[in-house]
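Asker: Can you read through this structure? Questions will come right after.
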Amino acid sequence: MDCLFCKIVEGEIPADILYQDEKVIVFRDINPQAPFHALVIPRQHIPTLNDIADEDCELVGYMLKVASDVAEEHGFAEDGYRSVFNCNSHGGQTVYHIHLHLLGGKPMGWPPYQEKLKTPV
Ligand code: 5GP
Ligand code: ZN
């Protein structure tokens, strides 16, 4: 399958891996948008949030738990962080293997879209 993140799972493409177990891998984003920016991915190939099956719900919840553990380990859990799943084109998804962005180390802007500017911020 021609999926970038499956290739990282298989070790065919290198990544700066922060954590891995039998269900998930966490690695640094190649183009960080915050002082800390990592991606939590399942080893299982699921293209988008729209493809999550009932039996995947525990796995997706586990991805969030792993993200909070990584935030704790890197010292920004208490200050807080942003965790984001982008879905399809309007969500800004570019890699079609679900991934949870974990961004920390600075205050994040909100909301992500301003009606007045009609542009992402
Ligand atoms: P999306 O836009 O799909 O929500 O997020 C995809 C993320 O994957 C982007 O933040 C992008 O920087 C990151 N990314 C794309 N290619 C690679 C890669 O080869 N290695 C790593 N570590 N991150 C990547
Ligand atoms: Zn994949």
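The values are calculated or read from the model by the stated rules, or taken from the named source; none is laboratory data. Worth saying up front: this structure is predicted, and the values here are computed from it rather than measured. All Cβ positions, glycine included, derive from the backbone under ideal geometry; neighbour counts span all protein chains shown. For the accessible areas, the whole protein counts, side chains as well, though only heavy atoms, and no ligand, DNA or RNA atoms are used. Shrake-Rupley method; radii C 1.70, N 1.55, O 1.52, S 1.80 Å.
Asker: With 18 Å as the cut-off, how large is the P(r) tail for the chain, expressed as percent of Cα-Cα pairs?
Answerer: On the way: 3876 of 7260 pairs.
Value for the chain: 53 percent of Cα pairs lie more than 18 Å apart.
Asker: Turning to a different aspect of this structure: Considering only protein heavy atoms and a 1.4 Å probe, what is the carbon-and-sulfur percentage of the accessible area of the chain? Working shown, then result.
Answerer: On the way: 3890 of 7560 Å².
Percent of accessible area from carbon and sulfur atoms in the chain: 51.
Asker: Would you work out which of Gly75, His37, Tyr62 lies farthest towards the positive end of the dipole of the range 8-102? Charges go on Cβ: Lys and Arg +1, Asp and Glu -1.
Answerer: Towards the positive end, the residue furthest out is His37.
Asker: With each run of n ≥ 4 DSSP H residues scored as -39500 (n - 2.57), what mean residue ellipticity at 222 nm is computed for the chain after dividing by its residue count and rounding to the nearest 500 deg cm²/dmol?
Answerer: Working: 3 runs with 28 residues, N = 121.
-6500 deg cm²/dmol, from helical runs alone.
Asker: How large is the charge dipole for the chain, taken about the Cα centre, if only the Cβ atoms of Lys, Arg (+1) and Asp, Glu (-1) carry charge, to the nearest 20 debye? Working shown, then result.
Answerer: Working: 9 positive and 18 negative charges, 131 e Å.
The calculated dipole for the chain is roughly 620 debye.
Asker: Something else about it: In Å and whole numbers, how far do the C-alpha atoms of the range 35-95 stretch along each principal axis, longest first?
Answerer: Largest to smallest, the principal-axis extents are 33, 26, 16 Å.
Asker: Hey, in the chain, which Cys have no second cysteine's beta-carbon closer than 4.7 Å?
Answerer: If one checks each Cβ against the other cysteines of the chain, Cys57, Cys87 turn up with nothing under 4.7 Å.
Asker: Per 5 Å bin from zero, what fraction in whole % of the C-alpha pairs of the range 67-121 is there, up to the bin with the longest pair?
Answerer: 4, 17, 21, 20, 18, 14, 5, 1
Asker: Right, another one. By the scheme Lys and Arg +1, Asp and Glu -1, what is the net charge of all other residues having a beta-carbon under 11 Å from that of Phe76?
Answerer: Working: positive: Arg82, Lys106; negative: Glu72, Glu73, Glu78, Asp79.
Here the count lands on -2.
Asker: If you don't mind, another one. Can you work out the accessible area per residue across the range 12-80, with the rest of the protein chains kept in place, probe 1.4 Å, in square angstrom?
Answerer: Numbers: 4050 Å² over 69 residues.
Roughly 59 Å² per residue, with all protein chains present.
Asker: May I pose another question? ³J(HN,Hα) across the range 60-68 via Karplus (A = 6.51, B = -1.76, C = 1.60, θ = phi - 60°), whole Hz, x for Gly/Pro?
Answerer: 5, x, 5, 4, 5, 5, 4, 4, 5
Asker: While we're on this one: For a test of understanding, tell me how many lysine pairs in the chain have Cα atoms under 30 Å apart, given they are 8 or more places apart or on different chains.
Answerer: 7
Asker: Here is a further query. I'd like the per residue volume of the convex hull spanned by the Cα atoms of the range 19-69, given in cubic angstrom. Walk me through the numbers before you get to the answer.
Answerer: Values: hull volume 4.8 nm³, N = 51.
Enclosed volume per residue, from the Cα hull, is 95 Å³.
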